[in-house]
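Single-structure report; data block below.
The values are calculated or read from the model by the stated rules, or taken from the named source; none is laboratory data. Since this is a predicted model, take the numbers as computed values, not measurements. Don't worry about glycine lacking a Cβ; one is built from the backbone with ideal geometry, like all the others, and counts go over all protein chains shown. Side chains are part of the model used for accessible areas, which takes the heavy atoms of the whole protein and leaves out ligands, DNA and RNA. Shrake-Rupley method; radii C 1.70, N 1.55, O 1.52, S 1.80 Å.
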Amino acid sequence: MYRAALDPALNCAALAVLDDSGVLLRAEVPMAGREGARLPLFVAEELGRLGLTLDDIALWSIGSGPGSFTGLRLAAALAAGWCFARPGVKSRGVPSAFALAAGLPGPVEPGATVGCLYDGRNRELLYYQVRRNADGWESTGVTAVLNREAAAEFFRSRPLETLAVYAGETAAVLPLLPEGVTPGVVSQPRTEVLALDPAPEYDNDLTRLIYIRPAVYPV
């Protein structure tokens with residue numbers, strides 16, 4: 001059985017394909033601006049490298065964020081279409097932060113938390129906390145949107161916590177952190193953990209997305 005994880009949460013879309021023996025493929029494509037229009041073609045091309053098509057994937061794990069409104073909605077809509085009217089194909093949303101935390105260079109012991117940092121735009125950062133458990137990862141529900149001043153106060157109360165930031169977002173995130181706060185830089189999130197995590201269930205509900213900032217429409 002083939003399964004795949006597709007994560008659009010950062011400034012790239014990451015794909016991992018697995019079978020019962022392990023990870024078969026990892027690939028990324030830029031997702032800035034109009035580049036997101038290539039996402040369906042990117043997935044088809046990468047599956048083709050393995051001699052597979054969309055029809056071969058039985059289980060889809062889609063990164064649910066934190067991420068941009070457009071990227072998350074695009075991936076969720078694509079996966080919903082791939083699963084539509086196909087009873088043997090299922091999907092689920094899994095927090096993208098699991099892949100970021102799992103990409104840290106050092107091990108994270110069960111029970112430990114990781115604060116995942118994202119470019120929140122407008123000179124702010126988003127903090128999203130996850131916890132390592134015996135089987136994988138879980139969200140703790142602790143989140144914050146912080147400017148530089150708020151970040152100084154926020155991190156003063158958690159000086160020893162492990163932090164993670166994607167290498168492509170360090171230019172925006174690091175200047176907002178107080179002196180002495182140094183996150184681990186993740187060059188490649190482990191997208192495959194989204195497919196390997198035992199929870200949540202494959203319920204075909206891709207509506208529970210974690211936006212950095214929702215889209216705003218004029219009235």
Quick one: P(r) of the range 91-149 from all Cα-Cα pairs, 10 Å bins, percents rounded to integers, in order of increasing distance. 22, 49, 25, 4, 0
Cα→Cβ-extended label distance, 7 Å offset, between Leu54 and Asp20, nm: 2.7 nm
Sparse-neighbourhood loop sites, trypsin sites (Lys or Arg not before Pro) in the range 80-185 - DSSP loop, at most 16 other Cβ within 10 angstrom: Arg121, Arg123
Under a point spin-label approximation (7 Å from Cα along Cα-to-Cβ), what is the Thr170-Asp205 distance to one decimal in nm? 3.9 nm
Round to a whole number: what % of the accessible area of the range 1-137 belongs to carbon and sulfur, probe 1.4 Å? 52 percent
Using a probe radius of 1.4 Å on heavy atoms only, what accessible surface per residue do you get for the chain? Whole Å² is fine. 49 Å²
At q = 0.24 Å⁻¹, what base-10 log of I(q)/I(0) does the Debye formula yield for the range 1-90 when every alpha carbon is treated as an equal point scatterer in vacuo? -1.29
Determine, for each peptide in 202-211, 57-66, the mean count of other beta carbons within 10 angstrom over its residues, then list the peptides with the highest first. 57-66, 202-211
Charges only on Cβ, +1 for Lys and Arg, -1 for Asp and Glu: so what's the dipole of the chain about the Cα centre, in debye to the nearest 20? 460 debye
Between Glu35 and Arg131, 0.36 nm times their residue separation minus their Cα-Cα distance comes to what? 31.3 nm
Can you compute the FRET efficiency between Phe84 and Arg121 using 1/(1 + (r/R0)^6), with r the Cβ-Cβ distance and R0 = 41 Å? Round to the nearest 0.05. 0.80
Over all pairs of different Cα atoms in the chain, the reciprocal of the mean inverse distance gives a Kirkwood radius in Å of 17.7 Å
Please work out how much length the chain gains when fully extended from Ala44 to Thr143, using 0.36 nm per residue of separation minus the C-alpha to C-alpha distance, in nm with one decimal. 32.2 nm
